[in-house]
Structure formats: structure tokens, C-alpha cells
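A.B. asks: Here it is, the structure, as C-alpha cells.
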């Protein structure tokens, strides 16, 4: 059975969705079953036990999550589900021009998921739009490393 990974996408302009497509392609090339899910109107119950997730989100305004991700973030904070059976990764998009709020969208999800007991696989990747590198290129490299860590941790558990 192939590993299922849901990629939860928070986006305002579509860049994070483009990055999520690259992440899904890499995961599927490795034999995983990847599903892209826009965060629109999602709540904390999107997280299913023993599943893996990648949060792929941009940062907007004054360090906020994108509009389509707000309900999910607020639901996690208010419902506070036990996510100890969840494993996840974070690919955050930001711009160092706004250094004080750089990648806060991804950082907020990372923080609440850890508070709720979810186990992060690897380190979050934070793409800097002012770096000149394409976020989808960075996402491909990060995803290969993330998936290796994920499968190793799954074998250790199972």
C-alpha cells in the first residue's frame, strides 16, 4: 500500500498551489499517493489519525495566513484536537523584504500543530521570494529529503 500524503494549501495568488503541484509530483514519483487540498473552509477535523500532511502556505499582510487558511488555523486553535497520530511537514513561502514577518504563515501552522501533539518530519522549508530561486525548485529538493525522512520514520513506527 502506498503512503498517503495530503498537501494542505494556503494561498492568495496561487503560488503556493503551484508549489504544492511540484510537491505532489515528487511524492507520486516516489510511489506515494499525494492529494492537494486547498484550505478553503477546512476545519481541524481535516486531520485524520495516522496520516501525513504537508502544509504549503504563503504569508500575507502583516504575517497573516492567507484568507483561505484562516478558518483552519482558528479551528485548530479553538477546537484543540489531539493530533499525536499525525505526522507533517511545512513548506512556507515568504519574502525576506518583510523580515519581521518572514514565513509567519507557515510558522503559525507549525507552532499549533506541534502544540496539538503532531510530529513534524524534518525541518520546515522557508522559501524567500526575494532570493531569486524558484519556490517549486526548492520544493522538489525539500520534498525528496522530507519523504526519505517520512518513510524512515514510518518504518520505525510500523
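The values are calculated or read from the model by the stated rules, or taken from the named source; none is laboratory data. A quick note: this is a predicted structure, and the numbers were derived from the prediction, not measured. Heads up, the Cβs are rebuilt from the backbone with ideal geometry, glycines too, and the neighbour counts pull from every protein chain shown.
A.B. asks: Looking only at region 71-96, filter to residues that are assigned to a loop (DSSP other than H, G, I, E, B) and under 23 Å from residue 148 (Cα atoms); which one of those is nearest to the chain's Cα centre (by Cα)?
C.D. replies: Across region 71-96, the extreme among qualifying residues is 86.
A.B. asks: Kindly list the number of the only condition in (1) in contact with a strand residue (DSSP E or B) (Cβ under 9 Å, 6 or more places away or on another chain); (2) modelled with pLDDT under 95; (3) more than 20 Å from residue 12 (Cα to Cα) that fails for residue 60.
C.D. replies: Here residue 60 clears every test but (3).
A.B. asks: Which condition breaks for residue 83 when tested against (1) without any contact (Cβ under 8 Å) to a residue 24 or more places away in the chain; (2) farther than 20 Å from residue 129 by Cα?
C.D. replies: (1)
A.B. asks: Go through region 97-119 and count every residue that is surrounded by 15 or more Cβ atoms within 10 Å (Cβ to Cβ) and outside any helix (DSSP H, G or I).
C.D. replies: Looking only at that region, the number is 5.
A.B. asks: Just one of 65, 46, 90 is closer than 19 Å to residue 153 by Cβ, at pLDDT 95 or above and in contact with a strand residue (DSSP E or B) (Cβ under 9 Å, 6 or more places away or on another chain); which is it?
C.D. replies: Result: 90 is the single residue among 65, 46, 90 that is closer than 19 Å to residue 153 by Cβ, at pLDDT 95 or above and in contact with a strand residue (DSSP E or B) (Cβ under 9 Å, 6 or more places away or on another chain).
A.B. asks: Cβ-Cβ under 7 Å, sequence separation 6+ or interchain: first residue in region 41-56 and without any contact (Cβ under 8 Å) to a residue 60 or more places away in the chain, partner assigned to a strand (DSSP E or B) and surrounded by fewer than 16 Cβ atoms within 10 Å (Cβ to Cβ). Which pairs?
C.D. replies: If the second residue must be assigned to a strand (DSSP E or B) and surrounded by fewer than 16 Cβ atoms within 10 Å (Cβ to Cβ), the pairs left are 51/4.
A.B. asks: Further question: Filter region 120-132 down to residues that are assigned to a loop (DSSP other than H, G, I, E, B) and modelled with pLDDT of 95 or more and give me whichever is surrounded by the most Cβ atoms within 10 Å (Cβ to Cβ).
C.D. replies: That would be 121.
A.B. asks: Another one. Return the total of residues in region 21-56 being within 18 Å of residue 120 (Cβ to Cβ) and assigned to a helix (DSSP H, G or I).
C.D. replies: The total comes to 4.
A.B. asks: While we're here: Name every residue in region 52-96 that is surrounded by fewer than 16 Cβ atoms within 10 Å (Cβ to Cβ) and within 21 Å of residue 21 (Cβ to Cβ), in order of residue number.
C.D. replies: 67, the sole residue that qualifies.
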